[in-house]
Amino acid sequence: MGKNLFIAEKPSVAREFANALKYNMRSKDGYLESEEAIVTWCVGHLVTMSYPEVYDEKFRRWSFDTLPFLPTEFKYEVIESAKKQYTIVSSLLNRPDVTTIYVCTDSGREGEYIYRLVEQMSGVQDKERKRVWIDSQTEEEILRGIREAKDLSAYDNLGNAAYLRAKEDYLMGINFSRALTLKYGNTVKGYLKRDRAVISVGRVMTCVLGMIVNREREIRSFTKTPFYRVIGNFKLQEKPFTAEWRAVEGSKYYNSPALYKENGFKKKEDAERLIAELTAEPAGPVTVTGIEKKKENKNAPLLYNLAELQNDCSKYFKISPDETLRIVQELYEKKLVTYPRTDARVLSTAVAKEIHKNLNGLMKYEPAVSYLQEIVSFGSHKGLAKTRYVNDKQITDHYAIIPTGQGIGALKSVSALSAKVYDVIVKRFLSIFYPAAVYQKVSITTKVKEESFFSNFKVLAEAGYLKVVNEENQSQEKSADQKMFERVNALKKGMVFPVSAFEIKEGKTSPPKRYNSGSLILAMENAGQLIEDEDLRAQIKGSGIGTSATRGEILKKLFHIKYLSLNKKTQIVTPTLLGEMIYDVVEHSIRSLLNPELTASWEKGLTYVADGDITPEEYMQKLDHFIVSRTMGVKGLNNQGQLRECYDRSAKFYKKK
């Protein structure tokens, strides 16, 4: 009887599979083996696409004569540093006694690509291949994945999309980086007084650079506009409270050109004139003309996907998206949480039915115990499948990141920071079993003479889910003092009380905020907000710029090549002078690379391939046309001289070192 071969993406995952299989495995060089099975591993990518000079030595030298570079057949090679492990895996794949191969690389597009490249290079034939698709590394989930493994051919479309994504990044990177460096490298090099300047561009990273430079330039060109608000300081049962004047219908200033919006003036003198009118004799009291009372329910937010977790960790712990992914990947490998590289923020119906297992397991996590006891008393876990936190239609590969309830002992072996990230994930998970937070709100409209003033009061009536997450979820909205709220709540229409004084508060319009590393990841995920075309906006909604697995890595590269700068203390991201110059080069040559619509349309195409709606040949045809037209376009340009003006405009914002 033939042996089963299990191939994982890395050694730690392979060990989990070996443990779950419960075979008497012996350690060999690069794999584990028993009488029944072999477990081996990749070390990430073992195979990569070959450089152009492998096709022909003439491509080693960068020249417009050899562009565009579009091979009819792509060449691949084993990565030098991974040769030893590749040789081991390749020989195991082709061992005569191996009859069935279980592909256990990460359950996603990139994991699919890692395995298929190895199989392609190894020339595997006449073996049964099954795909293990799992959401966590618990023993139960691993065994389910093996039991329900489908034939690898069921994932051929996903494999095609993976190959195409790599070809697309390769072809755009090589053709556009070479073309732009040949055309503009000397101007960049000369301006910065450097020995050399390679202009690196890519489908995703250039788009992200564009987002940062555009934001920086918006901030620079922003002119702060002052405005003046009139505030009434009133007394209610000897307790002060404030109200804001607004020029609503009935006001002398309704629709006046002197206004900045309805609650302020463009000039201080106009605000002073209003106060003079309000205090002129006979000065009237404050009369209550309107009361609106309502309850507001606020549900717990949806569960974490990777982008949301990266954003929160950037806020709470000031760590980069890349560091967050490293931590949550470690938690996943220690069985503490489910698969981290996910875009979904909900659970599947199947998981919801078994959620009591996660909750029971968390009883071993001391900080969760008191919340779990309350959840049991609510019984809310029984009806989870009917809530907004469960939606099969919103899940592509994996559901949201949640604690598995297993591996709690492993928390002793992780860093304090990793333990904090785990706690954030646990609390977000527990919060969905709690009722909504309930706020009581009272809005009061008062009148002095014919002018209206408005006040809003809000108190938290029932903490609900905030009881679990309040430490992290510091509410932006300030709650009123409880006693003051009771006084306001007792007000009735027609009541009067005295005015203490009126004052002018000067405000200024604010420029847009700079991105921090977390908000940038969210902006990449929700790139649709930058897109006008509705169909494209809908398409990009599920994928955004880059993928959950690659966004942190893309930012890391932009920092490494010094196009962007990261303030490690605040996590604020800004462009460098070099980054702005590259932006100007791209804007004057292949402008569409700066546009999220390009990424949206290519990502949409990859989704179509993965879904089987278009063929890989159709996709490549479109890609080849794009590469040829843009590369030939750059060849024909002669605008290097004009760019110096752009460089000068940016340079004045950077101190000479």
*Against the longest principal axis of the chain, how steep is helix 596-611, in degrees 0 to 90 to the nearest 10, with axes from Cα atoms?*
50
*Would you mind getting me the FRET efficiency between PHE378 and LYS294? Use the beta-carbon distance for r and R0 = 30 Å, nearest 0.05.*
0.75
*If one takes the longest principal axis of the Cα atoms in the chain, at what angle in degrees, from 0 to 90 and to the nearest 10, does the Cα axis of helix 109-122 lie?*
10
*Once you have the Cα-Cα distance between SER413 and ARG144, take 0.36 nm times their residue separation minus that, and quote the gain in nm to one decimal.*
94.1 nm
*What full-extension length gain, to one decimal in nm, is calculated for CYS646 and SER510 as 0.36 nm per residue of separation minus the Cα-Cα distance?*
46.4 nm
*Can you give the angle from 0 to 90° between the axis of helix 577-587 and the longest principal axis of the chain, with both taken from C-alpha atoms, to the nearest 10?*
80
*With every protein chain in place, what's the accessible area of HIS45 (1.4 Å probe, Å², nearest 10)?*
60
_List the residues, sorted by chain then number, that are 5 or more residues from GLY284 or on another chain and whose placed amide H is less than 5 Å from its amide H._
LYS449
*Charge dipole of the chain about the Cα centre (unit charges at C-beta), most positive-ward option of THR181, THR404, VAL213*: VAL213
*Taking R0 as 51 Å, what's the FRET efficiency between ASN638 and ALA154 from their Cβ-Cβ distance, rounded to 0.05?*
0.45
*Cα gyration tensor category, rounded, prolate or oblate, for the chain with a/c compared to 1.5*: oblate
*Considering only GLY44, PRO71, TYR31, whose Cα is most displaced toward the positive end of the charge dipole of the range 1-91, charges sitting on Cβ of Lys, Arg (+1) and Asp, Glu (-1)?*
TYR31
*Where the accessible area of the range 263-314 is counted over protein heavy atoms with a 1.4 Å probe, how much of it, in %, is carbon and sulfur?*
48
*Arrange the peptides 566-579, 290-303 so that the one whose residues have, on average, the most other Cβ atoms within 10 Å appears first.*
566-579, 290-303
*asked:* So for each of 483-496, 204-217 I average, over its residues, the number of other beta carbons within 10 Å; can you give me the resulting order with the highest mean first?
replied: 204-217, 483-496
*Ranked highest first by average number of other Cβ atoms within 10 Å, how do 257-264, 606-613 line up?*
606-613, 257-264
*Filter the GluC sites (Glu not before Pro) in the range 39-98 down to the DSSP loop ones having no more than 10 other Cβ atoms within 10 Å, then list what survives.*
GLU73
*Rounded to a whole number, what % of the accessible area of the range 380-429 do carbon and sulfur atoms account for, probe 1.4 Å?*
52
*Per residue solvent-accessible surface (Å²) - the chain, probe of 1.4 Å*: 48
*Which part of the range 635-657 falls in the paramagnetic zone of GLU587, meaning amide N under 17 Å from the point 7 Å along Cα-to-beta-carbon?*
639-654
*What percent antiparallel are the DSSP beta bridges of the range 6-55, to the nearest 5?*
65
*In whole Hz, what ³J(HN,Hα) sequence does the range 285-299 give by Karplus (6.51, -1.76, 1.60; θ = phi - 60°), x for Gly and Pro?*
x, 8, 10, 6, 10, x, 9, 10, 10, 7, 9, 10, 9, 10, 7
*Taking the alpha-carbon centroid of each part, what is the distance from the range 123-155 to the range 51-105 in angstrom?*
24
*With viscosity set to 1.567 mPa s and temperature to 4 °C, compute the Stokes-Einstein D of the range 555-611, Rh being the Kirkwood radius across alpha carbon pairs; µm²/s, no decimals.*
98
*Could you tell me which of GLY636, ALA651, ALA610 has its Cα farthest along the dipole of the range 596-657 towards the positive end, charges placed at Cβ (Lys, Arg +1; Asp, Glu -1), taken about the Cα centre?*
ALA651
*Could you pull out every residue, at least 5 positions away or on a different chain, whose amide H is within less than 5 Å of the one on LYS130? Hs are placed 1.01 Å off N in the peptide plane, and Pro or chain starts have none.*
ILE101, TYR102, VAL103, LEU152
*Distance in nm between label sites at SER27 and LYS364, each 7 Å beyond Cα in the beta-carbon direction?*
2.4
*How many angstrom lie between the C-alpha centres of the range 164-227 and the range 573-611?*
9
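The values are calculated or read from the model by the stated rules, or taken from the named source; none is laboratory data. Treat the numbers as computed from the prediction; the structure is a model and nothing was measured. Methodologically, a virtual Cβ is constructed for each residue, glycine included, from the backbone with ideal geometry; neighbour enumeration extends over all protein chains shown. Remember, those area values only see protein heavy atoms, side chains included, never the ligands or the DNA or RNA. Shrake-Rupley method; radii C 1.70, N 1.55, O 1.52, S 1.80 Å.
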